[in-house]
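Enquirer: Dropping a structure here in structure tokens format, bear with me for questions.
What follows is calculated from the coordinates using simple rules that are stated; it is not laboratory data. Fair warning: this is a prediction, and the values are worked out from it, not measured in the lab. In this analysis, Cβ positions are derived from the backbone assuming ideal geometry, glycine residues included, and neighbour counts consider all displayed protein chains.
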Amino acid sequence: MPEKRSAHRIAVRLRASFRSNQAVIEGWVSDLSRLGLFLESDYLDEPGSSGTVEFDLPDGEPLRLPGEIVRVDTDVERPGMAIRFGHLPDSTRRPLANFMIETSYQTLR
């Protein structure tokens, strides 16, 4: 089956939370792109729920990213939620892009 993603994803392991009107869900970001991420968690929100993903980059810079849950995966081995980012201001987009470039470069070495 052909890949549907329109953006390159990188594997990461970052502690994060997703906050919506219905829930506050703690978990781990396991992959990340400029368009979204996958948040592994035993607790899941509903597809279509909007909220904010919050996590700290390894350098300590906190990011707050608006997003919408586009897929919920209930697989016992890796439950979680695919979250697509909403509009990201430059003050958020730049640190995210820099982190992704640096992380991708380190994995190539």
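Enquirer: In a shell of Cβ-Cβ distance under 13 Å around G27, excluding G27 itself, what net charge do Lys and Arg (+1) and Asp and Glu (-1) give?
Expert: With Lys, Arg at +1 and Asp, Glu at -1, the net is -3.
Enquirer: Tell me, M81, M100 in order of fewest to most beta-carbon neighbours within 10 Å? It would help to have the intermediate numbers written out before the result.
Expert: Numbers: M81 25, M100 18.
So the residues, fewest neighbours to most, are M100, M81.
Enquirer: On full extension of the chain, what length is gained from S104 through D90, given 0.36 nm per residue of separation minus the C-alpha to C-alpha distance?
Expert: The S104-D90 span can extend by a further 3.0 nm.
Enquirer: Summarise the long-distance tail of P(r) for the chain by giving the % of C-alpha pairs beyond 17 Å. Before the final figure, lay out each step's value.
Expert: Numbers: 2988 of 5886 pairs.
Roughly 51 percent, rounded to a whole number.
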